[in-house]
1. Can you list residues from other chains, or at least 5 along the same chain, whose modelled amide H is less than 5 Å from the amide H of residue 66?
2. Going from most exposed to least, what order do 102, 47, 54, 59 have by accessible area with a 1.4 Å probe?
3. Find the centroid of the Cα atoms in the stretch 49-76 and in the stretch 1-45, then give the distance between the two in whole Å.
4. At 222 nm, what value in deg cm²/dmol follows for the chain if DSSP H runs of at least 4 each add -39500 (n - 2.57) and the sum is divided by all its residues, to the nearest 500?
5. Relative contact order (percent) for the chain, with alpha-carbon contacts under 8 angstrom and 6 or more residues of separation?
6. Can you give me the accessible area per residue for the chain, using a 1.4 Å probe, in Å²?
7. Taking the Cβ of residue 53 as the center, what net charge do the other residues with Cβ under 12 Å away carry, scoring Lys and Arg +1 and Asp and Glu -1?
8. What does the charge dipole of the stretch 1-49 about its Cα centre add up to, to the nearest 20 debye, if the Cβ of each Lys and Arg holds +1 and the Cβ of each Asp and Glu holds -1?
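The values are calculated or read from the model by the stated rules, or taken from the named source; none is laboratory data. As the structure is a prediction and not an experimental result, all values here were calculated from the model. Cβ coordinates were reconstructed from backbone atoms using ideal geometry, including for glycine residues, and neighbour counts include every protein chain displayed. Heavy atoms of the whole protein, side chains included, go into the accessibility calculation; ligands, DNA and RNA do not. Shrake-Rupley method; radii C 1.70, N 1.55, O 1.52, S 1.80 Å.
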Amino acid sequence: MPRCKFAAWLARPSSCVAIVGASGWIGMALTDHVLAVCPDLPPDRLRLFGSSRRPLQLRDQRPLIEPLDALSGLGNGEWLILHAAIVGGDRVDGGDLQEMRRRNDALLG
């Protein structure tokens, strides 16, 4: 979506964005783009998810990454969900391909 169209969509009070995998480099770039378009987007309209709770340092902002396993629901609004998470071999003991596939399938769920 071109930046001007995204900005117009995001300006609507019902528009919300959730980014899964916000601590990875793609997730951080997506978060940075959203905050560049709408720097004052309230936390209930921008939800970031990752493997653990921690702040994400971007520009002069520190949005909070929520743990994905604590996700209870996004809330009301028109949600754009950007999924940039993947479980790689570094996250699975022994690099077990079947376990990586199982965890990635669970993320998509």
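1. 48, 49, 50
2. Values: 102 135, 47 35, 54 85, 59 155 Å².
Highest to lowest solvent-accessible surface, that is 59, 102, 54, 47.
3. 13 Å
4. Details: 3 runs with 34 residues, N = 109.
Calculated from helices alone, the mean residue ellipticity at 222 nm is -9500 deg cm²/dmol.
5. On the way: 147 pairs, mean separation 31.1, N = 109.
Once divided by the residue count of the chain, the mean separation gives 29 percent.
6. On a per-residue basis, 63 Å².
7. Values: positive: 54; negative: 66, 69.
Net charge around residue 53: -1.
8. Numbers: 5 positive and 3 negative charges, 37 e Å.
Dipole about the Cα centre, nearest 20: 180 debye.
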